[in-house]
Every structure is written in structure tokens, then in C-alpha cells.
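What follows is calculated from the coordinates using simple rules that are stated; it is not laboratory data. Just so it is clear, the structure is predicted and the values come from calculations on it, not from any experiment. Quick reminder, even Gly has a Cβ in these numbers, built from the backbone with ideal geometry, and neighbours come from all protein chains shown.
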Amino acid sequence: MKRTVAVVSLLFALSVMALAHGKEKHVMGTVTSISDSSITVETKDKTSVTVDVSDKTKFEESGSAATLKDLKVGDRVVVHADVSGGKLVANEIHFGAMKGKKSMEGMKGMEGMEHK
Ligand SMILES: [Zn+2]
């Protein structure tokens with residue numbers, strides 16, 4: 001019985017995540033500036049993208065919970081953002097070491113970089 005409930009709530013969580021992704025934009029690049037309310041990321045095609053940070057934005061450094069204060073100019077980031085009123089508002093900002101076998105395994109089951 002307990003197990004059934006766990007499976008159902010996992011499926012529910014997954015479908016909510018998939019829905020959230022329908023409207024999401026993903027920004028990958030290098031942080032060029034940080035303020036209390038937004039960060040600017042230069043993508044690999046040299047476009048500067050400013051993403052607002054809200055009190056709901058989740059930060060993750062090398063797979064662990066972090067805060068805006070842990071983020072530094074020059075960090076490589078993957079930002080998951082919603083488009084709101086013509087602006088990007090970050091849901092999640094991932095940064096820190098993301099290469100190597102160990103961290104790749106840590107990414108498994110989490111959102112990868114390839115999802116749409
Ligand atoms: Zn996402």
C-alpha cells in the first residue's frame with residue numbers, strides 16, 4: 001500500500017515537471033554579471049541574456065543546494081527559466097563542476113541539459 005502511494009506521487013511529480021518544462025527556456029553559458037535580482041549570462045554564441053532571480057529560484061552548485069551568493073562571475077551555468085511578461089525568470093540555476101563520471105552519475109534522474 002505504502003509503495004503504491006510512493007509510485008503514484010512520483011508519477012505525479014514527474015508529470016508536473018514535464019508540464020513546467022513546456023514553457024521553460026534554458027540558458028547555458030558563462031555568468032558575466034550578478035545583481036541581487038538578476039544574473040547576466042553570455043551564451044556560446046556571444047549573446048548576453050539577463051535572467052531575473054526570484055525568491056523561488058533554486059540554486060544548485062555541483063549537485064548541492066546553494067544560493068545566489070555562491071555564484072560568481074565566470075561560472076558556467078545552466079538556467080531553467082520561465083518567460084514572464086517578456087522577461088526570463090529563473091526557476092533553477094545549476095553551476096559548479098558538471099563534468100567527470102561522478103558528477104554525470106549525480107545528474108542521472110535529474111534534469112539533464114538536453115531536455116526540451
Ligand atoms: Zn528545465
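The calculated Kirkwood hydrodynamic radius for segment 24-107 is 12.8 Å, given to one decimal from all distinct C-alpha pairs. In loop segments of segment 19-67 as defined by DSSP, the trypsin sites (Lys or Arg not before Pro) with at most 14 further C-beta atoms inside 10 Å of their C-beta are K23, K44, K46, K56.
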